Structure formats: structure tokens, C-alpha cells
Number of protein chains: 2
Amino acid sequence: MKPDSQKIDEADIKLLSILQTDASVSLEELSSRTAMSANTAWRRIKRMEEAGIIAKRVALIDPEAVGLGMTVFVAIKTSDHSDEWLENFARSVSAIPEVVEFYRMSGDTDYLLKLLVASIADYDRVYKKLIRSAKLSDVSSSFAMETIKFTTAVPLRI
Amino acid sequence: MKPDSQKIDEADIKLLSILQTDASVSLEELSSRTAMSANTAWRRIKRMEEAGIIAKRVALIDPEAVGLGMTVFVAIKTSDHSDEWLENFARSVSAIPEVVEFYRMSGDTDYLLKLLVASIADYDRVYKKLIRSAKLSDVSSSFAMETIKFTTAVPLRI
DNA sequence: GTTGAAACCCGCTAGTA
DNA sequence: TACTAGCGGGTTTCAAC
């Protein structure tokens, strides 16, 4: 799966830049845009897929279009907990589909979650599920009024 | 682009669930997994693409694999600013590739950014770019120690 | 060993009943 | 909704450097 961390060169970055913006471009177009032959492009892509650099190809759904217009950030502080509590916490929270991002933080808050929900009522439903599943106490939520930018494109540099 | 907000039924949700997890599945496999003909699956997908429900197809890059192992959240508070300042702020911050998410918030913090950077030094570079581009004052950063969950799959429900 | 070109063949796309 | 035909593109192979 991860054969000794292959180095990525400029040509790879060109390919990745295109594919992480639009994965539906053909090898032909890819080759014309990168000044390499189609099967060189194909070989490089395949190598990066096998190396895990390209994790997967997905369809991105517009959350608004399916009625998920509300983004909520949930900050959680935990007082000392055992390892198994933490493990269980991570597992049960990860299993909630509305939790789309979940980080262990340094500083003030210990955990930060990003939720995608339909409405306040929907948020309340998920919130209850959340505190029930892990028996949390110190939880505070912030609501996003507007998503100014959201991209899955990572900042690639030479 | 958005012809009168078509309703999404269960069959559509089945398709979306698969495609938002793995967009590389063939129509044949899609049809066998959803009990609809390949042709029907294709037509539904095309309709959802045209309706903007499926926004795009992208390759997801593992940030760690390309040396972007650090996720930072930046909370910004603004004291009263003019409309044009706000507009310029949104535009210049959005243009920074390391800013992968950018929200206008309710409550304590006015804006929340998510950054993908390589290291502390890299973070510092982006931070400087940030405060220079929009002349910010009240900025506080929190570092993610661990990404427990990150998914682009939205919580689809019947 | 690495690169490019060309053939193969599968599967996407679209037209028709 | 199902069938079918065309064709575009991913995959493989082979030859050349």
C-alpha cells in the first residue's frame, strides 16, 4: 500500500492539481494540459493511487441541494478520562453521519466537530445523540451563517 | 443549471450514497447494487449533475502523503467594518490556497478558517499572509493534534 | 529501465421502440 | 424501461530510445 514514500515531482503536482479540481477529465486532455503522453499520465496516476497519495475519487454533493444547509461547529472540553473512554468516544462520535469532521485539538477545546444538519431541530436531534453516546458535559456550539469557501483541494506546492 | 429544484427519491439517495463514497464504480456495478438498470442509473446521475446536486467529481488527496500534516483553525473577530472591507476580506482570504474552509459565524468569533499547512514555519508564513492581506487584529489559532474523522460524504436521509 | 504510440476492448452515451 | 449500436477512453502491449 505504501511502498517507501515515493517522491512527488512537478509533473505529479500538475496532475494532482487538475484531478483534485475535476476528476472527470480524460487522459487525453490531461496529457495535452501537462505536456506528457497519455499513458505516462496514466502510469503516474496509477502509481499515486497505489501509494495512497490519491486516496479516492468521489462525487461531491452540494449540501444545500439536499437540504443540509446548516453547518455547526461543536467544541468539546473533557476533564480527565481513561483511555478506553477516549477510544469509545472517538468511535461512537465518528459513527454519527452528521459529524463530517472530527479533530483532537491542542489548547482550550479538546475536540472540535463539524456537523452538517438540515435545521435547528435536526441539530438538536444530533446534539442529543452526541451527548448521549459519549456522556459529555462541557459542549458549546457555534453556527456558521455562511460558507464563504469550502474546497477539498489541498495546497500543493513545488 | 438549477431547473426547479427536483425532488430526490430513495433511488437517487442510493446512487448518491455510493458515488459520494466512491465515484469510480461502474454503471454496471451501480445498477446491480441499486436494483435499477444501468441506463436508469446513468440518467438519474446525469439529471442530478445537471441539477447541481452532484457538484463535481474530484480526486481526494491524502494531505499527510503530500506533506500537509498540520490542520489549523483560525478564529477571527472583527470590530465594525464597512461592506467593501468585508468583501475584500472574503475575496483575499478565499484566494489563499492553504485556507480550505472559511465560514462566517454567529456568536463569539466572526469568522472561522481551516488551514492545511506543512509545519509551524509554514503556518507562520500563511498567518503573516493572512493578517497582511486583510489587516486583521483579533486572531487566534488552534492546532489539530489528530484528525479523527474527515469525510466529504454528506448525511443523506430518506 | 523508461517513454511514447498504437491497438484492444470494455463501458459510457444516446437514440429508438 | 429495455435494447442496441456507436464511440470515446482506460488499459495493455510492444517497440524504440
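Pair-distance distribution P(r) for chain B, from all Cα-Cα distances in 5 Å bins starting at 0: 2, 7, 14, 15, 12, 11, 12, 12, 8, 5, 2, 0 percent.
Measure up B:77/B:128; B:46/B:149; A:14/B:129; A:128/B:14 against 21 Å on the Cα-Cα distance and list the ones that go over.
Violating the 21 Å Cα-Cα cut-off are B:46/B:149; A:14/B:129; A:128/B:14.
For the protein assembly as shown, the spherically averaged projection of the C-alpha convex hull amounts to 18.8 nm². Based on Cα contacts under 8 Å between residues 6+ apart, the range A:62-117 shows a relative contact order of 49 percent.
Taking every residue in A:105-111, how many Cβ atoms of other protein chains lie within 10 Å of its Cβ, on average? Don't skip to the answer; put the middle values down first.
On the way: counts 7, 6, 6, 2, 2, 1, 4.
Mean inter-chain Cβ contacts per residue within 10 Å come to 4.
3J(HN,Hα) along the range A:86-99: 4, 5, 5, 4, 4, 5, 6, 6, 4, 6, 7, x, 5, 7 Hz, from the Karplus curve 6.51 cos²θ - 1.76 cosθ + 1.60 with θ = phi - 60°, whole Hz, x for Gly and Pro.
Here the Debye sum runs over all C-alpha atoms of the range B:29-93 as equal scatterers in vacuum, and log10 of I(q)/I(0) at q = 0.28 Å⁻¹ comes out as -1.13.
Roll a 1.4 angstrom probe over the protein heavy atoms and tell me the percent of accessible area of the range B:48-125 that is carbon or sulfur.
Numbers: 1640 of 3290 Å².
Carbon and sulfur atoms account for 50 percent of the accessible area of the range B:48-125.
State, as an integer percentage, the relative contact order of chain B based on alpha-carbon contacts under 8 Å between residues 6 or more apart. Intermediate results must be reported in sequence, preceding the final value.
Numbers: 159 pairs, mean separation 43.5, N = 158.
Once divided by the residue count of chain B, the mean separation gives 28 percent.
Rolling a 1.4 Å probe across all protein chains gives residue A:108 an accessible area of roughly 130 Å². The share of C-alpha pairs in the range A:72-158 whose separation exceeds 19 Å stands at 41 percent. Shortest first, residue B:33 label-point distances to identical copies amount to 2.6 nm, with the label point at 7 Å from Cα along Cα→Cβ. Taking all protein chains together and a 1.4 Å probe, the residues A:45, A:8 rank A:8, A:45 from largest to smallest accessible area.
Figure note: A:83, B:138, B:62 ranked by solvent-accessible area, largest first, 1.4 Å probe, ligands and nucleic acids not counted: A:83, B:138, B:62.
The values are calculated or read from the model by the stated rules, or taken from the named source; none is laboratory data. Since we're looking at a predicted model, the values are computed, not measured. Because the Cβ atoms are built from the backbone with ideal geometry, glycine has one as well, and the counts that use them run over all protein chains shown. When the accessible area is computed, the model is the full protein with side chains, heavy atoms only, and any ligands, DNA or RNA have been set aside. Shrake-Rupley method; radii C 1.70, N 1.55, O 1.52, S 1.80 Å.
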